[in-house]
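> A single structure is presented below for examination.
Just so it is clear, none of the values below were taken in a lab; they were calculated from the coordinates. This one's a predicted model, so the numbers in the text were calculated from it and none came from an experiment. So basically every Cβ, Gly included, is an ideal-geometry build from the backbone, and we count neighbours across all protein chains shown.
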Amino acid sequence: MTIRVLLADDQALLRGTFRLLIDAQPDMEVVAEASNGREAAQLARAERADIVVMDIRMPEVDGIEATRLIGEDEDMAGVKVLVLTTFEEDELVVEALRAGASGFLGKGIEPAQLLDALRLVAAGEALLSPTATKGLIARVLAHPSPGGLVDPRRLATLTPREREVMTLVATGLSNDQIAERLFVTPVTAKTHANRAMTKLGARDRAQLVVIAYETGLVQAGEPRV
């Protein structure tokens, strides 16, 4: 399957560089480019993109609002958003995650890391950055947004194993790592994570991480379990 990528950034040079890199891969292609968030949301629908590589700071409509527009459109339920950011934009990154982004990358990312990230997100994994620390995101997520994503009481709908897997997902572990930790198969770990997402209404694993912090299931600065 070819991964269909939409590039959304107001810098034409950056879009062109990413296009050359992505189009050179046998398993992915750039289907469109957008210079602002409004174009990104429209083109994501029109071109049936699998992943939108989204800059946060863009004119007219920024990347956060564009991510929210994509996330709220039922016709784009399968579209993933990968946010591009700088270290100065940590709080904006969290807003993007709350809006439905599947993860984020620093703008100084190496070419191979970008390609790996696209494949990872296309496979349904969360990406909380190979260059920025999860601890920093955890500290910001420890201050819930008004209303939060999920009422903490809804965690009661999870089985003990689902809560355990959700906690491990929130600490940054992959399905393979969770499987090794719990002595189960990766498929079983993924199944528990997917069930937790379904029960809590999480769009993907990244949003499951946000919910884990906003409901207090995982605390900022908490050591790996």
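> What FRET efficiency comes out for Thr2 versus Arg153 if R0 is 45 angstrom and r is the Cβ-Cβ distance? Round to the nearest 0.05.
Efficiency computed from Cβ-Cβ geometry: 0.60.
> Now for a separate question. So for each of 18-24, 163-169 I average, over its residues, the number of other beta carbons within 10 Å; can you give me the resulting order with the highest mean first?
163-169, 18-24
> Please label the shape of region 1-97 as rounded, prolate or oblate, based on the square roots a ≥ b ≥ c of the eigenvalues of the alpha-carbon gyration tensor (a/c under 1.5 means rounded; beyond that, a/b larger than b/c means prolate, else oblate).
Cα axes put region 1-97 in the oblate bin.
> Put +1 on the Cβ of each Lys and Arg and -1 on the Cβ of each Asp and Glu in region 35-91; which of Gly63, Gly78, Val53 then has its Cα farthest toward the positive end of the dipole?
Looking along the dipole axis, the top candidate is Gly78.
> Order of 70-77, 115-122 by packing, highest average Cβ count within 10 Å first?
Descending mean neighbour count gives 115-122, 70-77.
> Translational diffusion coefficient of region 21-71 at 10 °C, 1.306 mPa s, Stokes-Einstein with Kirkwood Rh over Cα pairs, in µm²/s as a whole number.
After rounding, the answer is 141 µm²/s.
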